[in-house]
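Q: Below: one structure in structure tokens.
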Amino acid sequence: KLFKDFEKVPFDTPKPIKLVSTLVRLISNDENDIVLDAFAGSATTADSVMQLSAEDGIKRRWILINLPEKFASESEAYAKGFENIAELGEERIRRAGVQMKTEDPMNVNSVDYGFKVFELGQTNFLAWDADALNSGQTNLRFESDNVKQGRDNVDVLYEIMLKKGIDLSSPVTATDVPGGTLFDVNFGSLFVVLGDAIDRSVANKIIQKRKDYVVDGLFITSNVIFVDSSFSSTEEKLNALSVLADGGYNPDEIESI
């Protein structure tokens with residue numbers, strides 16, 4: 001039904017949605033339960049959890065883990081642009097969400113069909129060259145741009161969130177600022193500043209957002225992380241730190257990486 005544009009179902013052994021939904025219902029009846037499928041395959045689990053949540057109004061979340069098992073080059077899925085089963089599973093989840101919104105345009109149970117996709121990889125940050133320390137060299141090159149080439153701001157943001165133990169499903173908003181982007185994680189709990197020519201004005205933006213959250217009664221605690229290479233100069237960074245201090249931030253609430 002979801003893949004009408006395919007000659008046949010593109011999955012070899014898809015699990016029945018009703019069966020998986022029944023199993024989930026037996027073990028999950030609490031708000032914000034998380035259903036984990038470590039062998040996601042055709043992504044039936046996500047489809048089932050979304051449908052079940054739409055039916056009973058219990059806002060369950062799900063996590064799927066999948067290996068990028070490649071399709072044969074002669075397969076229909078490959079011909080339609082899908083290299084592996086993980087990509088096709090993502091497409092199934094998107095189509096399932098669209099279908100449910102079409103069937104229930106009022107979304108009576110307020111189910112969020114959005115999801116995020118993460119791919120396991122190496123760190124986005126460059127490390128010190130340990131060989132230089134052990135070779136007797138007295139001059140070490142300082143790597144002022146500590147982010148690897150080819151990595152974008154979103155890559156860096158989510159690695160920071162991961163290392164800080166922040167739920168990767170936390171709400172994130174991005175605001176353009178001179179020279180880069182200010183990321184607001186979980187309603188001001190964390191501000192991450194990324195770019196290539198940031199100036200001190202970003203600190204004023206952070207202070208204003210923090211004040212707005214206080215007024216709205218959402219503010220609990222807040223931290224700021226700067227990536228050093230994001231600033232246009234050391235002077236701009238130091239001035240930004242000064243503005244944050246004047247605005248109420250303590251030194252232990254600000255981190256540079």
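Q: Write down Rg/Rh for the stretch 1-84, rounded to two decimals, with Rg from the C-alpha atoms and Rh from the Kirkwood relation over Cα pairs.
A: Numbers: Rg = 14.6 Å, Rh = 14.1 Å.
Rounded to two decimals, Rg over Rh is 1.03.
Q: May I ask for the percentage of alpha-carbon pairs in the stretch 54-108 that lie more than 12 Å from each other? Don't jump to the answer; show the numbers that get you there.
A: Working: 1079 of 1485 pairs.
Taking all Cα-Cα pairs of the stretch 54-108, the fraction more than 12 Å apart is 73 percent.
Q: Another question, then. So how long is each side of the chain along the principal axes, counting just the alpha-carbon atoms, biggest first, in Å?
A: 62, 53, 31
Q: Quick one: which of 232-243, 180-191, 114-125 comes out on top by average Cβ neighbours within 10 Å, and what's the full order, highest first?
A: Values: 232-243: 15.8, 180-191: 20.5, 114-125: 10.9.
The peptides rank, most packed first, as 180-191, 232-243, 114-125.
Q: How much accessible surface area, in Å² rounded to 10, belongs to the heavy atoms of THR22 with a 1.4 Å probe?
A: Its accessible surface works out to 70 Å², give or take rounding.
Q: Before I look further, what does the stretch 198-245 give for accessible area per residue, probe 1.4 Å, in whole square angstrom? Can you show the working numbers first?
A: On the way: 2450 Å² over 48 residues.
Solvent-accessible surface per residue comes out at 51 Å².
Q: Probe radius 1.4 Å, ligands and nucleic acids ignored: give me the carbon and sulfur share of the accessible area of the chain as a rounded percent. Mind showing how you got there, number by number?
A: On the way: 8380 of 15820 Å².
Ligands and nucleic acids excluded, carbon and sulfur reach 53 percent.
Q: Using the structure shown, select from LYS15/LYS59; LYS116/LYS163; LYS8/LYS59 the pairs with a Cα to Cα distance greater than 27 angstrom.
A: Values: LYS15/LYS59 22 Å; LYS116/LYS163 18 Å; LYS8/LYS59 32 Å.
Violating the 27 Å limit, Cα to Cα: LYS8/LYS59.
Q: Find the all-direction average of the projected area of the Cα convex hull for the stretch 144-214, expressing the result in square nanometres with one decimal place. Working shown, then result.
A: Values: hull surface 20.6 nm².
The Cα convex hull of the stretch 144-214, projected and averaged over all directions, gives 5.1 nm².
Q: While we're looking at this one, here's another question. With a 1.4 Å probe and all protein chains kept in place, how much accessible area does LYS8 have, in Å² rounded to the nearest 10?
A: LYS8 exposes around 150 Å² with every protein chain in place.
Q: Now, a different point. Going by alpha carbons, how many degrees (0 to 90, nearest 10) lie between the helix axis of 85-103 and the longest principal axis of the chain?
A: Tilt relative to the chain: about 70 degrees.
Q: By how many degrees, 0 to 90 and rounded to 10, does the Cα axis of helix 17-27 deviate from the longest principal axis of the chain?
A: Taking the Cα atoms of the chain, the angle to 17-27 is about 60 degrees.
Q: Determine the gain in length on full extension of the stretch GLU76-ARG94; use 0.36 nm per residue of separation and subtract their C-alpha separation, reporting nm with one decimal.
A: Computed gain between GLU76 and ARG94 is 4.6 nm.
The values are calculated or read from the model by the stated rules, or taken from the named source; none is laboratory data. Values in this document were obtained by computation on a predicted structure and should not be read as measured data. Note that each Cβ is placed from the backbone with ideal geometry, even for glycine, and that neighbours are counted across all protein chains shown. Ligands, DNA and RNA are excluded from the accessible area calculation, which covers all protein heavy atoms including side chains. Shrake-Rupley method; radii C 1.70, N 1.55, O 1.52, S 1.80 Å.
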